[in-house]
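Undergrad: If you scroll down you'll find the structure; I have some questions about it.
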Amino acid sequence: MQKLVAIKGMNDILPPDSARWEWLEGVVRTLMARYAYRNIRTPIVEPTPLFVRGLGEVTDIVEKEMYSFEDRLNGEQLTLRPEATAGVVRAVVEHTMLYDGGKRLYYMGPMFRHERPQRGRYRQFHQIGAEALGFGGPEVDAEIILLAHALWAELGLKNVRLELNSLGQPDERRAHRAALIAYLEQHQDVMDEEARRRMYTNPLRVLDTKNPAMQDMVNAAPRLIDFLGEASLRHFDTVKAILDANGVAWSLNPRLVRGMDYYNLTVFEFITDQLGSQGTICGGGRYDYLIEQIGGKSAPAVGWALGVERVLELIKEQEAQAPGLAADAYAVVPDAAALPQVMAALQRLRALGVAVQMHAPAQSGEGMGSMKSQFKKADASGARFALIFGADELARGAVTIKPLRDGGEQIERPLASLADWAASLQSPR
């Protein structure tokens, strides 16, 4: 039979690489708890109108990238989620979660976009995001940016820069839109087909072009920030002041607009120069009108999402701190007859927090293998210690502990007092 393989751009995550994912997720969970953000889990499949209404009909995601299909059983139009914010808002509205005040939420999980797979950009990709709903003040914009900034420190990442902009409010955007369209109409000769198509439907996205031939024209275009009123500027100034007070460096990027239609006021991106064209590792902003758009009672909100694959790639690129993948100890068992006694001891060690890998032969009935082969596998496992359950040791009710990494003498320990010495085997976590 023909061998079946994964869909292009939808990748298996295998050990030992999967341990890095678990480690990152663990760091995120700990940090989110410090900021009092609580976990939310929404379906991978949502109604297609949720994204059309929430993201905007003329965004790249809706026009070209969504995995949408019709449910054959009832004719519903469904979509694999291309991002999570719209689904989080749908859940908040559906379950009236804001009835007793604002909510700070976070999520992790797979998203789906039909794109050309490349480094850091896949058809099934993973995001971690934070959303603060029901809070309108600039202090929450700043808080959520500080949360992402703190995460880079926890992960040991360097040289991640923060870019900020403000998109103002709808009336300010309308005034800027009119001026921008008038400007673009005068420069159609340097615009590519995509930009001309978007000139009237979504002119802000023209400013986000990566076409080198358009950069001079884009740089001279009317800036949205010059159309902001006093309240919008005050909101933005407060965000910047809080970041300054916390020593967070930022730069103003008046061309930063983000890819979704739902943003207003503060928008931001964290960017690296070490991942080529996929340099944005985290982005977000305020979206005060999305809740009402999706059918809820008007309420403000702000959030961000990071690309897990990109962050892990950056950690690898910078050789930042990484998780310990190996077990603390590897159990060497010369005689299969001793397995009941040995495995009882290993279960007690695991219950005390020691990570133990037990030697096991490839085929049943072959015996446990020679001591030499077992020690070779113990060394290859990366464990710091070998636990030797030989006949002599077990006769004395003991185990021999042999250091595998840092030198030192092997010592014998009594199994009866296992709880007294188990912690000495544990690696720092």
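The values are calculated or read from the model by the stated rules, or taken from the named source; none is laboratory data. All values derive from a computational prediction rather than experimental measurement. Glycine also receives a Cβ, built like all others from the backbone with ideal geometry; neighbour counts cover every protein chain displayed. With ligands, DNA and RNA removed, areas are computed over all heavy atoms of the protein, side chains included. Shrake-Rupley method; radii C 1.70, N 1.55, O 1.52, S 1.80 Å.
Undergrad: Quick one: what are the phi-derived ³J(HN,Hα) couplings along the range 293-306, Karplus 6.51/-1.76/1.60 with θ = phi - 60°, whole Hz, x for glycine and proline?
TA: Values per residue, Gly and Pro as x: 4, 8, x, x, 6, 3, 7, x, 6, 8, x, 8, 9, 10 Hz.
Undergrad: Assuming a viscosity of 1.002 mPa s and a temperature of 20 °C, what translational diffusion coefficient in µm² per second does Stokes-Einstein assign to the range 1-135, Rh being the Kirkwood radius over Cα pairs?
TA: Diffusion coefficient, whole number: 128 µm²/s.
Undergrad: Here's something else I'd like to know. Pop the C-beta distance of Arg119 and Trp421 into the FRET formula with R0 = 51 Å and round what comes out to the nearest 0.05.
TA: The calculated FRET efficiency here is 0.65.
Undergrad: Right, another one. If you scale each eigenvalue of the Cα gyration tensor by 5 and take the root, what three semi-axes come out for the chain, rounded to whole angstrom and sorted largest first?
TA: Its equivalent ellipsoid spans semi-axes of 53, 24, 21 Å.
Undergrad: Once the convex hull of the C-alpha atoms of the range 166-303 is built, how many Å³ does it hold per residue, rounded to a whole number?
TA: About 130 Å³ per residue, rounded to a whole number.
Undergrad: May I pose another question? Quick one: P(r) of the range 271-429 from all Cα-Cα pairs, 10 Å bins, percents rounded to integers, in order of increasing distance.
TA: With a bin width of 10 Å, the distribution comes to 9, 28, 19, 13, 13, 11, 6, 0.
Undergrad: Just add up the charged neighbours of Arg413: K/R +1, D/E -1, any other residue whose Cβ is under 10 Å from the Cβ of Arg413.
TA: Residues close to Arg413 contribute a combined charge of -3.
Undergrad: Continuing with this model, one more query. If amide H atoms are built 1.01 Å from N in the plane of the peptide, which residues on other chains or at least 5 residues away come under 5 Å of the amide H of His126?
TA: Met111, Val308, Glu309
Undergrad: Check each of the trypsin sites (Lys or Arg not before Pro) in the range 62-94 and keep only those in coil by DSSP with at most 15 other C-beta atoms within 10 angstrom; list them in order.
TA: Those that pass, being in a loop and sparsely packed, are Arg72.
Undergrad: Which values of log₁₀ I(q)/I(0), to two decimal places, follow from the Debye formula for the range 65-170 at q = 0.16 Å⁻¹ with a uniform point scatterer at every Cα?
TA: -1.03
Undergrad: Please list, in order along the range 173-188, the HN-Hα scalar couplings obtained from phi with the Karplus expression 6.51 cos²θ - 1.76 cosθ + 1.60 (θ = phi - 60°), rounded to whole Hz, x for Gly and Pro.
TA: For the range 173-188, the Karplus-derived couplings read 5, 5, 5, 5, 4, 4, 5, 5, 4, 4, 5, 5, 4, 7, 10, 5 Hz, x marking Gly and Pro.
Undergrad: Skipping prolines and chain starts, which residues have an amide H placed within reach, meaning under 5 Å, of the one on Ala398, given they are 5 or more residues away or on another chain?
TA: HN-HN under 5 Å from Ala398: Leu415.
Undergrad: Met66 accessible area, nearest 10 Å², 1.4 Å probe?
TA: 30
Undergrad: For the chain, what % of the accessible area comes from carbon and sulfur atoms, probe 1.4 Å?
TA: 51
Undergrad: What figure, in Å² to the nearest 10, do you get for the accessible area of Glu25 with a 1.4 Å probe and non-protein molecules left out?
TA: 50
Undergrad: Could you pull out the pairs from Lys3/Lys64; Lys376/Lys402; Lys64/Lys210; Lys8/Lys210 whose alpha carbons sit more than 22 Å apart here? Could you put the intermediate results ahead of the total?
TA: On the way: Lys3/Lys64 30 Å; Lys376/Lys402 13 Å; Lys64/Lys210 17 Å; Lys8/Lys210 25 Å.
With Cα atoms farther than 22 Å apart: Lys3/Lys64; Lys8/Lys210.
Undergrad: Still on this structure, please answer the following. What distance in nm separates the two pseudo spin-label positions at Glu412 and Asp100, each 7 Å out from Cα along the beta-carbon direction?
TA: The two pseudo-label positions are separated by 6.1 nm.
Undergrad: Please give the per residue accessible area of the chain, computed with a probe of 1.4 Å over protein heavy atoms only, in Å².
TA: 49
Undergrad: If the cut-off is 17 Å between C-alpha atoms, which lysines fall inside it for Lys297, apart from same-chain ones fewer than 8 positions away?
TA: Answer for Lys297, where 17 Å is the Cα cut-off: Lys103, listed by chain and number.
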